[in-house]
Amino acid sequence: MQEILVLGDSHTPIFNHVLFKEKFPNQFFNVLTVVGATASGLENPNSKTKAYPIFREVIKQSTAKQVIVMLGEVDTGFVIWYRAQKYQESIVAMMDKAVTSYSRFLLELTMRFEVVCISTPLPTIQDNNDWGDVANARREVTASQVERTALTLKFNRIMQQFCAQNNIRYIMLDSVSLGERGIVKAELLNNDCSDHHYDPEPYSRLLVERLAEVI
């Protein structure tokens with residue numbers, strides 16, 4: 001059975017969904033999830049999640065030829081806004097840092113793997129919503145859901161362009177995730193209103209359909 005390594009934040013457990021086993025019976029998705037991992041923090045030795053050294057250790061042991069990477073939701077939905085407010089920096093500067101860090105990580109992975117980068121999920125936390133640990137942790141961010149979504153869309157476009165320029169496969173889901181009101185489609189929202197991750201059923205179907213074209 002062929003191993004496919006999956007690296008990313010708390011959205012990556014979607015690759016453990018039964019649909020992936022059904023559609024890819026000859027592949028084993030080795031999922032490494034670092035909750036709270038950010039693109040911005042990959043180059044920060046003082047990162048709270050220590051995501052980079054954790055990823056590096058698994059990379060050394062992996063026998064996979066392909067790696068799937070999905071990061072950026074924490075950045076565009078929280079970190080970029082939080083740091084801009086805290087350090088009086090521009091959103092553009094904070095975005096550039098996240099993009100640069102993520103890009104370097106992807107290039108590093110290309111030295112060993114065929115890399116597939118997944119577009120960052122759109123924000124699901126609504127304005128003035130205080131439910132759940134994630135919403136409580138992000139309460140200090142004053143940006144609206146529309147603003148956070150717009151930043152995520154921009155981040156994804158930049159990463160898509162970078163990947164195209166560096167022969168990295170990129171799976172863009174923005175067009176099928178964005179609703180008419182400038183925020184995520186309602187059908188992608190989790191049935192558990194305290195869970196900020198996409199509903200696993202429609203999300204797994206979207207991913208499986210696109211992944212079938214590249215793996």
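Let's see how each residue does on (1) in contact (Cβ under 8 Å) with a residue 12 or more places away in the chain; (2) surrounded by fewer than 17 Cβ atoms within 10 Å (Cβ to Cβ); (3) closer than 20 Å to residue 195 by Cα:
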residue	(1), (2), (3)
79	yes, no, yes
138	yes, no, yes
146	yes, yes, yes
151	yes, no, no
154	yes, yes, no
165	no, yes, no
178	yes, no, yes
Exactly one of 36, 41 is buried (at least 16 other Cβ atoms within 10 Å of the Cβ) and in a loop (DSSP other than H, G, I, E, B), and that one is 36
When residue 142 is run through (1) surrounded by fewer than 13 Cβ atoms within 10 Å (Cβ to Cβ); (2) within 25 Å of residue 194 (Cβ to Cβ); (3) of a type outside the set (Lys, Arg); (4) free of Cβ contacts under 8 Å to residues at least 60 places away in the same chain, the failure sits at (4)
Over region 169-215, the set of residues out of contact with any Pro (no Cβ under 9 Å at 6 or more places or on another chain) and among the β-branched types (Val, Ile, Thr) is 171, 176, 208, 214, 215
When every residue in region 180-215 that is out of contact with any helix residue (DSSP H, G or I) (no Cβ under 6 Å at 6 or more places or on another chain) and among the polar types (S, T, N, Q) is compared, the one surrounded by the fewest Cβ atoms within 10 Å (Cβ to Cβ) is 191
Checking 159, 172 in turn, the sole residue that is within 28 Å of residue 103 (Cβ to Cβ), surrounded by fewer than 17 Cβ atoms within 10 Å (Cβ to Cβ), touching a Ser or Thr at 6+ places or on another chain (Cβ under 8 Å) and among the aliphatic types (A, V, I, L, M) turns out to be 172
Subset of region 181-204, residues within 17 Å of the chain's Cα centre (by Cα) and not hydroxyl-bearing (Ser, Thr, Tyr), comes to 183, 184, 188, 189, 190, 195, 196, 197, 199, 200, 202
Expected output for region 102-124 (first residue over 18 Å from residue 208 (Cα atoms), partner among the aromatic types (Phe, Trp, Tyr) and outside any loop (DSSP other than H, G, I, E, B), Cβ below 7 Å, 6+ apart or cross-chain) is 103/162
Before we move on, is residue 93 exposed (fewer than 15 other Cβ atoms within 10 Å of the Cβ) and either at pLDDT below 95 or assigned to a helix (DSSP H, G or I) (or both)? yes
Does residue 63 qualify as being in a loop (DSSP other than H, G, I, E, B) and either closer than 27 Å to residue 94 by Cα or without any contact (Cβ under 8 Å) to a residue 12 or more places away in the chain (or both)?
no
Of a type outside the set (Phe, Trp, Tyr) and at pLDDT 95 or above: is that true of residue 194 in this structure? no
Residue 48: passes all of (1) surrounded by fewer than 16 Cβ atoms within 10 Å (Cβ to Cβ); (2) modelled with pLDDT of 95 or more; (3) in contact with a helix residue (DSSP H, G or I) (Cβ under 8 Å, 6 or more places away or on another chain) but (2)
Exercise for the section: Considering every residue within region 61-76, establish whether at least one is modelled with pLDDT of 95 or more, at positive phi and either within 15 Å of the chain's Cα centre (by Cα) or among the polar types (S, T, N, Q) (or both). Expected result: yes
So the helices (runs of 4 or more DSSP H) completely within region 109-215 holding 1 or more residues that are touching a strand residue (DSSP E or B) at 6+ places or on another chain (Cβ under 9 Å) are 145-165, 174-177, 200-211
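The values are calculated or read from the model by the stated rules, or taken from the named source; none is laboratory data. These numbers come from a predicted model, not from an experiment. Please note: Cβ atoms are built from the backbone with ideal geometry, for glycine as well, and neighbour counts cover all protein chains shown.
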